[in-house]
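Structure first, commentary second.
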C-alpha cells in the first residue's frame with residue numbers, strides 16, 4: 001500500500017513511476033521505453049471527483065480546490081498568486097445570433113475567460129501554479145525552459161514566488177515587452193539568435209551542461225494536470241457539456257489537458273462524449289494545419305501523423321503561436337481525429353478586426369492568440385465544421401496586457417484637429433454595422 005495519492009504511467013508501455021521525485025530522477029523519460037509522454041493516475045476513485053463537482057456548496061478559490069486530484073502531496077507546498085483557473089464562463093449570445101442570422105443554425109457559445117487570471121492575464125497561470133508547487137515539493141532549485149512568451153511569464157513569476165531559479169530562452173522575434181516582464185521577477189532571460197526550435201535546443205544544452213531540470217514542454221504531466229481543470233469547471237458551472245472546444249494552438253497543452261480530463265471522467269456519466277477539437281493556427285505559422293489538410297486530402301494514409309512540415313524562422317505576427325517545428329503534431333493530430341475535429345489555418349490579418357468586434361460587444365479586450373481562436377470560430381461557421389445544435393467552448397486564453405503592438409492594431413484611429421468644427425458626428429449603430437461587415441466573410 002502506498003502513501004502517495006498518485007503515480008505516473010508511461011503512455012507508450014504503461015510502465016509505472018512512483019511519483020514526480022522518481023520522474024525527475026529519470027530525466028522525465030520512461031526508464032523502460034524512453035518515452036517522454038506520461039499521465040498522472042490517481043488512486044482515488046473518480047466518482048469522488050464527480051461528487052465534488054456536483055456539490056452545490058463547493059466554491060473553490062483556485063484550481064487547488066481540486067487538490068485531491070492534483071499531483072501534490074502537501075498543501076503547504078502550494079504556490080499560488082490568487083484564484084488560478086476559477087474564472088467566469090460567459091455566454092456570448094451575440095455570436096449565437098450571428099450564426100442564426102448568417103447560417104441559419106442554432107448553437108450555444110461559451111467563452112472561458114482565462115484573460116481574467118490574476119498573475120499573467122492568461123491561462124498559463126494554471127500551469128504556473130501547478131509546476132511551481134510540484135517543483136517546490138520536490139526541492140528543485142533550478143529550472144530551464146524555452147518559451148514564445150506567455151508560459152515564460154507564468155514560470156518567471158510563479159517560480160520567483162517559490163524561490164526557484166529560472167533560466168529561460170526566447171526566440172529572436174520575441175516581443176520586447178514579453179522579455180521585460182519575464183525579467184522583471186529577477187529571473188534569467190536570454191534572447192537567442194534563432195527561432196523557437198533553436199531556443200529549445202539552447203535550453204536543452206544548458207540544462208544538460210549544469211544538470212538542471214528541463215521543462216518537458218507540451219506533454220509535461222504537471223502542465224496537463226493544470227489544464228485538465230478547465231473541464232472540471234465546465235462541469236461545475238455549465239448546464240450542458242460542450243460539443244466543440246476551440247483554442248488557437250502553438251504546441252497544444254490546452255487541448256491535451258482537455259482530452260486527459262475527459263478520459264478521467266468518461267465512465268462517470270457526466271457527459272456523452274469528448275468535445276470535437278477545432279484548433280486554429282495563424283496562417284503564417286500553421287505547420288499542423290498544413291499537415292492535417294494534406295493527411296485529410298489523402299484519406300489519412302498509414303503513417304500520416306508523422307508527416308508534417310517544419311517552418312524555419314516563421315514570420316507570424318502572433319508571436320506566442322510561432323512554433324515552426326510541431327513535434328507535438330503526431331499526438332495532437334491523433335486526438336483531433338479521434339474527436340472528429342479539425343486543425344485549421346486562420347487568416348491572422350483578420351485578428352485585429354475580430355478583436356475590435358469582441359471589445360465592442362463585451363467591453364473586454366482579448367489578446368492576439370485569443371483573436372486567432374475567434375478567427376477560427378467564424379471560419380468554422382463558414383466551413384460548416386460547427387453544426388446546428390453545437391455547444392461551443394472558446395478558450396479566451398489571454399488579454400492584451402503584454403501585447404502593446406496588438407493593442408495599437410485594435411485601437412480605432414485617433415483624429416487630430418485644430419478646432420471643434422472639424423468633428424463629424426457619428427452613429428454608434430452604424431459603427432457596429434461596420435464591425436460586423438469586417439468579419440462576416442472570414
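A compact table of results
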| quantity | calculated |
| --- | --- |
| Within segment 398-432, tally of residues that are assigned to a helix (DSSP H, G or I), modelled with pLDDT of 85 or more and loosely packed, with under 10 Cβ neighbours inside 10 Å | 3 |
| Condition check for residue 305: outside any helix (DSSP H, G or I) and either in contact with a strand residue (DSSP E or B) (Cβ under 7 Å, 6 or more places away or on another chain) or more than 21 Å from residue 196 (Cβ to Cβ) (or both) | no |
| Qualifying position, being under 22 Å from residue 139 (Cα atoms), surrounded by fewer than 14 Cβ atoms within 10 Å (Cβ to Cβ) and touching a residue at least 40 places away in the same chain (Cβ under 8 Å), among 39, 3, 68 | 68 |
| Residue check for residue 360: out of contact with any strand residue (DSSP E or B) (no Cβ under 6 Å at 6 or more places or on another chain) and within 22 Å of residue 250 (Cβ to Cβ) | no |
| Selection from segment 273-286 of residues that are under 14 Å from residue 322 (Cβ atoms) and surrounded by 20 or more Cβ atoms within 10 Å (Cβ to Cβ) | 281, 282, 285, 286 |
| Residue that is surrounded by the fewest Cβ atoms within 10 Å (Cβ to Cβ), among those in segment 375-388 that are out of contact with any strand residue (DSSP E or B) (no Cβ under 7 Å at 6 or more places or on another chain) and in a helix (DSSP H, G or I) | 382 |
| Output for segment 179-206, where each listed residue is in contact with a strand residue (DSSP E or B) (Cβ under 6 Å, 6 or more places away or on another chain) and surrounded by 23 or more Cβ atoms within 10 Å (Cβ to Cβ) | 182, 199, 200, 203 |
| Out of 209, 176, sole residue that is out of contact with any strand residue (DSSP E or B) (no Cβ under 6 Å at 6 or more places or on another chain), surrounded by fewer than 18 Cβ atoms within 10 Å (Cβ to Cβ) and modelled with pLDDT of 95 or more | 209 |
| Residue match in segment 340-363 (condition: more than 29 Å from residue 199 (Cα to Cα), at pLDDT below 95, over 18 Å from the mean Cα position of the chain (by Cα) and not in a helix (DSSP H, G or I)) | yes |
| Pairs with Cβ under 6 Å, 6+ apart, first in segment 319-343 and on the phi > 0 side of the Ramachandran plot, second at pLDDT 95 or above | 340/276 |
| Any hit, segment 111-119, residues being within 28 Å of residue 362 (Cβ to Cβ), more than 17 Å from the chain's Cα centre (by Cα) and surrounded by fewer than 24 Cβ atoms within 10 Å (Cβ to Cβ) | no |
| Entirely in segment 183-270, the helices (runs of 4 or more DSSP H) that have 3 or more residues that are touching a residue at least 60 places away in the same chain (Cβ under 8 Å) and within 23 Å of residue 73 (Cβ to Cβ) | 221-237, 253-265 |
| Scope segment 291-348; condition more than 27 Å from residue 148 (Cα to Cα) and buried (at least 19 other Cβ atoms within 10 Å of the Cβ); matching residues | 295, 304, 339 |
| Given (1) surrounded by fewer than 20 Cβ atoms within 10 Å (Cβ to Cβ); (2) at pLDDT below 95; (3) touching a strand residue (DSSP E or B) at 6+ places or on another chain (Cβ under 9 Å), number of the condition residue 254 does not satisfy | (1) |
| Test set (1) in contact with a helix residue (DSSP H, G or I) (Cβ under 9 Å, 6 or more places away or on another chain); (2) without any contact (Cβ under 8 Å) to a residue 60 or more places away in the chain; (3) over 18 Å from residue 95 (Cβ atoms) - residue 401 fails condition number | (2) |
| Of the criteria (1) touching a residue at least 60 places away in the same chain (Cβ under 8 Å); (2) more than 16 Å from the chain's Cα centre (by Cα), which one residue 306 fails | (1) |
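The values are calculated or read from the model by the stated rules, or taken from the named source; none is laboratory data. Source: prediction; values computed, not measured. When we count neighbours, we look across all protein chains shown, and the Cβ atoms used for this are built from the backbone with ideal geometry, even at glycine.
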